[in-house]
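**Student:** Pasting a structure below so you can have a look.
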Amino acid sequence: MIRVTVWNEFRHERHSPAVAAIYPDGIHEAIARPLRAAGFSVRTATLDEPEHGLTDQVLADTDVLIWWGHTAHHEVADTAVDRVQARVLAGMGLVVLHSGHFSKVFKRLMGTSCDLKWREAGERERIWVVEPGHPIAEGLGDYFEIAEEEMYGERFDVPPPEALVFISWFQGGEVFRSGCCYTRGAGRIFYFRPGHETHPTYHHPQVQRVIVNAVRWAAPTPGVTLAYGHRPQPLERLR
Ligand code: ZN
């Protein structure tokens, strides 16, 4: 069974009645619910827990980590970022959502600014599937729409994705690479754009479908062992 940890900053829901009305149990629980229904073993972790809920043991027991953060990226300890990066390189999957583009974890793994254009105007987002054969696009058709979302526009300063699964179009005219796949070491990383906290995006069935698909895709390949370092004994006799 795939073991998922949903990490959420969990600040907006506690400080904003408007956000709490949409996500009364927190964004992490809204994300976790359809993952549990899909049969994954799911736990949640939040910023204000000791070690942000991301101890060595939790990370060792995590196949795929999901990341939502926004206002408190700077409060995430560098030691936690180090641990997450090391686990990704060793094979843990990572799904970064929406404003997680500016998280320390994502910027560390991308090595770029991860900056973008944005506008909060509650406009329609049409998410086009541009790789219909990709496992993350399973069951989605040509496109799906979110009635009201924040706009993210290009340029999105990330390395060229190894696979680009979705492109978003916004009512205001901008476009955005909204489903980007990467590998870092043995780990798979998926960035998925939607999820502004003042819109009910994580209750949207196709958004939930994408995150379920992404967890399956990002889960580690079984049996991978990484070995590095000095090899004094050659496999063949030399000379
Ligand atoms: Zn946002």
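**Student:** State whether the residues of the stretch 129-136 include one that is exposed (fewer than 13 other Cβ atoms within 10 Å of the Cβ) and in a loop (DSSP other than H, G, I, E, B).
**Tutor:** Looking through the stretch 129-136, at least one residue is exposed (fewer than 13 other Cβ atoms within 10 Å of the Cβ) and in a loop (DSSP other than H, G, I, E, B).
**Student:** For the stretch 135-158, which positions are away from the ligand (no atom under 16 Å from the Cβ), within 17 Å of the chain's Cα centre (by Cα) and under 13 Å from Gly179 (Cα atoms)?
**Tutor:** Result: Pro135, Ile136, Ala137, Val158.
**Student:** Condition first: touching a residue at least 60 places away in the same chain (Cβ under 8 Å) and loosely packed, with under 14 Cβ neighbours inside 10 Å. Now tell me which residues in the stretch 109-128 satisfy that.
**Tutor:** Correct list: Glu120 only.
**Student:** Let me ask something else about it. Can you say whether Val158 is touching a helix residue (DSSP H, G or I) at 6+ places or on another chain (Cβ under 7 Å), open to solvent by less than 40 Å² (accessible area, probe 1.4 Å) and more than 30 Å from Pro17 (Cβ to Cβ), as far as the supplied structure shows?
**Tutor:** Yes: the conditions hold for Val158.
**Student:** Go through the stretch 61-98 and report how many residues are of a type in the set (Ser, Thr, Tyr) and surrounded by fewer than 24 Cβ atoms within 10 Å (Cβ to Cβ).
**Tutor:** Step one: filter the stretch 61-98 for residues of a type in the set (Ser, Thr, Tyr), giving 62, 71, 79.
From what is left, the residues that are surrounded by fewer than 24 Cβ atoms within 10 Å (Cβ to Cβ) are 71, 79.
Residues meeting the conditions: 2.
**Student:** For the stretch 157-202, which strands (runs of 3 or more DSSP E) that fit wholly inside it have 3 or more residues that are without any contact (Cβ under 8 Å) to a residue 60 or more places away in the chain and touching a Cys at 6+ places or on another chain (Cβ under 8 Å)?
**Tutor:** Counting at least 3 such residues, we get 163-170.
**Student:** Would you tally the residues in the stretch 213-238 being assigned to a loop (DSSP other than H, G, I, E, B), surrounded by 10 or more Cβ atoms within 10 Å (Cβ to Cβ) and among the aliphatic types (A, V, I, L, M)?
**Tutor:** The number of residues fulfilling the criteria is 2.
**Student:** For the stretch 163-176, how many residues are closer than 18 Å to Glu138 by Cα and not β-branched (Val, Ile, Thr)?
**Tutor:** Counting residues in the stretch 163-176 that are closer than 18 Å to Glu138 by Cα and not β-branched (Val, Ile, Thr) gives 4.
The values are calculated or read from the model by the stated rules, or taken from the named source; none is laboratory data. As the structure is a computational prediction, the values presented were derived from the model and not from experiment. Cβ atoms come from the backbone with ideal geometry, glycine included; neighbour counts cover every protein chain shown. The protein model used for the area step is the full one, side chains on, heavy atoms only, and it has no ligands, DNA or RNA in it. Shrake-Rupley method; radii C 1.70, N 1.55, O 1.52, S 1.80 Å.
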